[in-house]
Amino acid sequence: MDTHDDFRIKQNKYIPNFPIANGKPTIYIEGYPCEDDEPMAATDFHAEQITTLSDQFKRYYTINELIYIAVDSFIYYSEGDMTKCVAPDIFIVFGVDKYPLRRSFYTWAEGAVPVAVIEFLSDATAHQDRDEKVSIYMNDIGVQEYFIHQPEMKKPSEFRGWHRRASGKVIEIEPDEQGGLFSEALNLWFRWEDDQTTHVRLLRPYLPDGTPITTSMEEQQLRKQEKQLREQEQHLRETAEAIAAEEAERRQKAEELAKQETERRQQLEAELERLRGQLNENKDRTP
């Protein structure tokens with residue numbers, strides 16, 4: 001099966017079912033600021049991590065028009081109170097239109113809240129990400145899962161997650177033996193790996209069967225490699241066909257030569273037999 005067809009089947013299999021939100025896409029509501037003076041990413045390490053993971057999410061969820069993915073965008077979660085606002089590094093919402101893009105996300109207007117939020121730890125906000133934001137995201141907003149991750153390799157690794165049960169109780173997600181966390185809400189595994197080129201401790205998503213979700217750049221490279229493999233296979237097939245054709249031609253020539261040799265031998269034997277007959281006739285005529 002083609003690699004891309006196989007992955008498409010897995011997307012349809014593993015992306016969770018979810019209800020459609022009862023609101024409508026809302027680009028902007030007057031009076032609610034949609035930007036601040038803070039940089040989009042705290043460091044290049046954070047920018048690399050955010051860009052990589054958001055690209056993987058967008059590639060994975062591209063088949064469903066009711067999944068919205070936002071990067072460093074405001075979430076307003078209490079109508080009329082602009083102070084009830086957070087700006088996660090990445091958040092995912094199920095059941096709302098992917099487009100149009102929003103300047104901010106207003107939970108009451110959309111009729112939905114993020115299913116998952118991911119924050120990448122920085123020196124300025126790490127204490128908030130580990131403590132007060134757990135309550136804000138899980139209790140105040142009603143997010144199903146919240147994850148924090150340290151992307152800088154020079155700092156101690158830290159990857160944690162929380163899950164909100166149907167009862168409302170918030171529990172910390174238990175890691176597996178490799179330190180990976182399984183997201184029930186997204187039906188994905190999250191694991192990190194050290195990128196020695198960028199020195200980023202990259203958090204990456206995997207399907208439940210262990211299939212990695214590639215980035216667009218990785219996908220292009222895979223397509224390039226697959227194209228090269230197809231071209232190599234085509235070349236080998238054409239070479240094999242050419243060799244087979246040459247072999248068939250040699251075999252045909254050999255058969256023709258053998259046939260000609262047989263005919264010449266038969267002709268020589270017939271001529272020899274004729275000469276013998278003449279010799280015998282001459283002997284009989286001699287007195």
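The values are calculated or read from the model by the stated rules, or taken from the named source; none is laboratory data. Because the structure is predicted, anything quoted here is derived from the model rather than measured. Using ideal geometry, Cβ is built from the backbone for each residue, glycine included, and neighbour counts are taken over all protein chains shown.
In segment 114-122 there is at least one residue that is modelled with pLDDT under 95 and small (Gly, Ala, Ser).
Scanning segment 1-51 for residues that are modelled with pLDDT of 85 or more and small (Gly, Ala, Ser) yields a total of 4. Taking each residue of segment 120-134 that is in the same structural domain as Arg191 (by TED's automatic domain parsing) and looking for partners that are buried (at least 18 other Cβ atoms within 10 Å of the Cβ) and assigned to a helix (DSSP H, G or I) with beta-carbon atoms closer than 8 Å, six or more apart or interchain, yields Phe120/His46; Phe120/Gln49; Phe120/Ile50; Leu121/Asp129; Ser122/His46.
Scanning segment 166-214 for residues that are in a strand (DSSP E or B) and either outside the structural domain of Ser135 (by TED's automatic domain parsing) or of a type outside the set (Lys, Arg) (or both) yields a total of 19. In this entry, Asp89 passes the filter for residues that are of a type in the set (Asp, Glu), touching a residue at least 12 places away in the same chain (Cβ under 8 Å) and under 29 Å from Ile20 (Cα atoms). Which condition number in (1) within 24 Å of the chain's Cα centre (by Cα); (2) part of a loop (DSSP other than H, G, I, E, B); (3) among the aromatic types (Phe, Trp, Tyr) is the one that Tyr28 fails? Going through (1) within 24 Å of the chain's Cα centre (by Cα); (2) part of a loop (DSSP other than H, G, I, E, B); (3) among the aromatic types (Phe, Trp, Tyr) one by one, Tyr28 breaks only (1). Only one of the listed residues (Tyr14, Tyr68) is in the same structural domain as Glu193 (by TED's automatic domain parsing) and touching a Leu at 6+ places or on another chain (Cβ under 6 Å). That residue is Tyr14.
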